[in-house]
Amino acid sequence: LAYKQKHLLYAASPLMNHASGNDYTYNKALCERAAAAGWEAIKLANKGVYSLVPFSKYTDQFYKVDGTMPWTTETILQRVERQSGSGRFSSAVRRIYVPASFGGTEYCHGVNQLFVDRFEMADGTRYKPEYDNDPTKRWDNRDPRFRMSILVDRDKWGNHVNAYCRLWDGPPTGSDKTATGQAPLPYLVKKYWPWGVNNYDQKWGSFRFINPRMRLAEVYLDYAEAVTAAYGPTGSVPGSNFTAVDAINFVRAR
């Protein structure tokens with residue numbers, strides 16, 4: 001049901017709708033079908049089959065450092081990876097998310113400013129470019145998912161004295177090593193990379209990493225998009241009083 005909603009929503013998107021010979025708008029009929037599939041999945045969740053995990057356990061969906069398999073009540077489908085420990089760090093996370101300064105690669109995945117600016121403020125208002133010069137707003141007082149997902153310049157991400165993010169542009173300052181070549185962009189993906197799992201601290205003995213293929217949170221967000229396009233933000237699937245706004249707020253509340 002989750003994938004049925006996702007694929008119908010893709011097919012309904014303005015880009016795919018145009019590729020199907022229509023205009024650059026949402027295909028309302030496909031959005032209605034997508035929302036209906038999503039509502040069926042949400043009803044299963046409401047029966048206790050799935051549920052969003054508390055925010056304090058959010059990272060359990062992606063990694064664990066106690067040797068157990070990352071998996072929660074929010075996980076709908078994932079590929080199970082048997083590898084763990086330093087091998088899992090070296091073969092997966094190190095190559096994708098970890099910069100050279102932590103034992104990774106200068107070609108690691110980064111996050112650009114346009115993506116970072118999409119994270120709202122803690123009160124729900126939009127981030128504004130003029131906040132770039134205000135340290136209390138630029139990286140703090142943001143939607144909690146920002147700090148859960150992103151590492152910024154000079155963040156410490158381990159116990160070792162050198163385990164901090166050198167992401168500035170320019171020459172070294174004091175005893176700092178140069179940041180040149182350490183990362184392609186000034187932000188790092190923190191979401192899949194636990195504290196201390198790096199070449200300095202080497203806390204990877206019982207490390208396991210998974211990236212779920214489908215989570216319940218995505219079902220709610222896809223439902224919100226499909227319902228908005230089909231019935232409006234305060235509309236809902238026929239027979240339901242669960243609106244697009246309700247779905248967004250359900251995830252935000254977590």
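The values are calculated or read from the model by the stated rules, or taken from the named source; none is laboratory data. None of the values given here were measured: they were computed from a predicted structure. Every residue, glycine among them, receives a Cβ derived from its backbone with ideal geometry; neighbour counts consider all protein chains shown. Each accessible area value is taken on the protein alone, full model and side chains, heavy atoms only, with ligands, DNA and RNA left out. Shrake-Rupley method; radii C 1.70, N 1.55, O 1.52, S 1.80 Å.
So the values come out like this:
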read-out: Stretchable slack from K156 to E81, in nm (0.36 nm times residue separation minus alpha-carbon distance); value: 24.2 nm
read-out: Top of A229, A34, A122 by mean-square fluctuation, Gaussian network on the chain, Cα under 10 Å; value: A122
read-out: Around Y131: net Lys/Arg minus Asp/Glu count, Cβ-Cβ under 12 Å; value: -1
read-out: Distance in nm between pseudo-label sites at K4 and E40 (7 Å out along the Cβ direction from Cα); value: 0.2 nm
read-out: Residue with peak Gaussian network fluctuation, the chain [Cα springs, cutoff 10 Å], from P135, P212, P14; value: P135
read-out: Spatial extent of the stretch 1-145: Rg and Dmax, with the Cα atoms as the point set, Å; value: 20.0, 52
read-out: Integer Hz, Karplus 6.51/-1.76/1.60 couplings in order for the stretch 148-155, x for Gly and Pro; value: 6, 10, 10, 9, 10, 3, 6, 5
read-out: Under the Karplus curve 6.51 cos²θ - 1.76 cosθ + 1.60, θ = phi - 60°, whole-Hz ³J(HN,Hα) for the stretch 138-144, x wherever Gly or Pro sits; value: 4, 10, 10, 6, 10, 3, x
read-out: Residue among G85, G124, G196 with the largest mean-square fluctuation in a Gaussian network model of the chain, springs linking Cα atoms under 10 Å; value: G124
read-out: Within the accessible area of the chain (1.4 Å probe), percent carbon and sulfur; value: 53 percent
read-out: Formal net charge of residues neighbouring C108 (Cβ-Cβ distance under 14 Å; K, R +1; D, E -1); value: +4
read-out: Probe 1.4 Å, protein heavy atoms only - accessible area per residue of the chain in square angstrom; value: 53 Å²
read-out: Value of relative contact order over the stretch 95-150, rounded to a whole percent, pairs C-alpha under 8 Å and six or more apart; value: 24 percent
read-out: Top positive-direction residue, dipole computed over the stretch 63-117 with Cβ charges, set N112, Q78, P99; value: Q78
read-out: Heavy-atom accessible area order for K4, K64, K128, largest first, 1.4 Å probe; value: K4, K128, K64
read-out: S91 versus A11: modelled label distance in nm, points set 7 Å from Cα along the beta carbon direction; value: 3.7 nm
read-out: Cut-off 10 Å between beta-carbons: net charge of the residues surrounding P186, Lys and Arg +1, Asp and Glu -1; value: -2
read-out: For the chain, size of Cβ-based charge dipole, Lys and Arg +1, Asp and Glu -1, in debye; value: 780 debye
read-out: Net length gained if the chain between T125 and L185 were fully extended (0.36 nm per residue, minus Cα distance); value: 19.1 nm
